[in-house]
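Structure, as structure tokens:
The values are calculated or read from the model by the stated rules, or taken from the named source; none is laboratory data. Bear in mind the structure is a predicted one, so any value in this text is a computation, not a measurement. Cβ coordinates were reconstructed from backbone atoms using ideal geometry, including for glycine residues, and neighbour counts include every protein chain displayed. Ligands, DNA and RNA are excluded from the accessible area calculation, which covers all protein heavy atoms including side chains. Shrake-Rupley method; radii C 1.70, N 1.55, O 1.52, S 1.80 Å.
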Amino acid sequence: MQQDILINWSPHEARVAVVENGAVQELHVERTLERGLVGNVYLGKVSRVLPGMQSAFIDIGLERAAFLHVADVWHRQEGGEAPMFARKDEPPVPIEKQVFEGQALMVQVIKDPIGTKGARLSTQISIAGRLLVFLPQDDHVGVSQKIPQHEREALRARLQALVGSKEAGGGGGFILRTNGEDATDAELAEDIAYLRKTWARVKEAAQRQPPMSLLLQDLSLLQRVLRDMVGEDTQSIRIDSREQFMALQAFGNEFMPAASAKLQLYKGERPIFDLYAIDEEIARALGRRVDLKSGGYLIVDQTEALTTIDVNTGGYVGARNFDDTIFKTNLEAAGAIARQLRLRNLGGIVIVDFIDMVREDHQAAVLAEFKKQLARDRVKTMVGGFSQLGLVEMTRKRTRESLAHMLCEPCPTCRGAGQVKTARSVCYDILREVLREARQFNPREFRVVASPRVVELFLDEESQHLAGLSDFIGKPISLQAESAMGQEQYDIVLL
């Protein structure tokens, strides 16, 4: 698998596309004024404690107060710092006994604000480095679950020796990331020193800065590209800004030399995203319908509670019998759905309605293919089997806004409903409203101001009804078309 990363940068926005074997797999957008907050460390101030919800609202200087649940509260115990829930059978300490209104509290954002919900916080601080994740409040040394089990113990022993004991001036919790599997002791020691130095700066800032201050900001999208997205399969990282290329090269040379070596400055005349028609891919990723190569298609609907994906055969009639047609469409759809989840950054609950399959071996094969495609995802996913209704339920961890929520806003005409009343329905609403007004007021004339399509219908097919109402109320009714009005909008002016 050959992977290329393209970076399109401008002063107001950075866009990153991950391309594998010529097909766009991931899209990331970060706007200067809308940069994500996950990973940021703040000195927050407790504004409200809600015992009934076992949660608290924390003011960290944002427009909306952030949310802290009791499950995300850590506290100091004798013998060091440890998580609240050391054992699952122990009842949690109520949140009202741990935090109080007006308290200054160091917190970290674990979920960006989404929709009307504020950011979600944790009092357990974690700082990600190139090879390691540092947990300064813990003493645990762990290894990523993605590293083969037979290698973990040896890696854990190496890391423990480098971390050292608390008594010897070491300590702190560390987790070895997947890309640190083949790191040398010198590289690991360098990362440990960098993370401890960063934590020391955070603690110092917490002592001298007032509540609601930002203590540590997570890396920018371009820096996270080097830290998180570059792997052995990455052939090149091409960026179209000389200034950002130099800054990223300096950052990479200091912390990620292997990734930095793959950086290239793109000097082509064509826009960098035109190389793989990425802007067209973004436009498709914002639509409901996704066409499959076989002639089938997907319908993707994103709602507040969940995302539904419906699979349809469409014009595909290529197999010898109907069962094989359905099976092949579902197999192709499994890969396309996994790609769309990454491309659109869809998170939370996802319900997939594959075309009904009679044979159990077909169901098992489609489910296996679906799980195989999802295994390539950097974000954690969980998949259930087929339900009695033939649906597949899954979850994908959501830490930031989806592509549609980031680039789009609800339609002002339909207000996000996805549909509007027909022009005829609006005509009948207007007729009822005029009658209602005529019973309360006695103007010289009623003037209806509406969209051109509604006015056109009144002048044509509904002219008889309008004339009949005018005769019934004994007042003239005039019409005025207003092109700026949506189809459902209208106004009745009393003259």
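Averaged per residue, the range 207-313 has 55 square angstrom of accessible surface, using a 1.4 angstrom probe with ligands and nucleic acids left out. Stretched out straight at 0.36 nm per residue, the stretch from ALA186 to GLU20 would grow longer than its current Cα-Cα span by 56.5 nm.
A cut-off under 14 angstrom between Cβ atoms defines the neighbours of GLU437, and their net charge, with Lys, Arg +1 and Asp, Glu -1, is +2. Between LYS197 and ALA484, the distance separating the two model label sites (each 7 Å from Cα on the Cα→Cβ line) works out to 5.8 nm.
Solvent-accessible surface of the range 1-62, averaged per residue with a 1.4 angstrom probe and all protein chains in place: 41 square angstrom.
Ignoring solvent entirely, what values of log10 I(q)/I(0) come out of the Debye formula for the range 391-447 at 0.12 Å⁻¹ when each Cα is a single scatterer? Each listed q maps to, in turn, -0.60. Other residues within the sphere of radius under 9 Å centred on the Cβ of GLY142, judged by their own Cβ, net out at +2 (K and R +1, D and E -1). In this structure LYS397 has an accessible area near 120 Å², from a 1.4 Å probe over the protein heavy atoms. Coordinate range of the alpha-carbon atoms in the chain per principal axis, descending: 97, 67, 55 Å.
Contact order for the chain, expressed relative to its length and based on alpha carbon pairs under 8 Å spaced 6+ residues apart, stands at 12 percent. Just the protein heavy atoms count here, and of the accessible area of the range 187-322 at 1.4 Å, carbon and sulfur take up 49 percent. Using a probe of 1.4 angstrom and keeping all protein chains present, the accessible surface of the range 436-495 works out to 63 square angstrom per residue. Equivalent-ellipsoid semi-axes for the range 122-268 (Cα gyration tensor, √(5λ), whole Å, largest first): 28, 23, 12.
With a simple spin-label model that places each label point 7 Å from the Cα along the Cα-to-Cβ direction, the separation between SER425 and LEU391 comes to 2.5 nm. Start at zero, step by 10 Å, and the Cα-Cα distances of the range 393-495 spread as 13, 38, 22, 11, 9, 6, 1 percent across the bins. Annotation for VAL383 and ASP291: the two label points, set 7 Å from Cα along the Cα-Cβ direction, are 2.6 nm apart.
Each other residue within a Cβ distance under 14 Å of GLY231 adds +1 if Lys or Arg and -1 if Asp or Glu, for a net charge of -1. Across the range 398-484, C-alpha contacts under 8 Å between residues 6 or more apart give a mean separation that, scaled by the residue count, equals a relative contact order of 31 percent.
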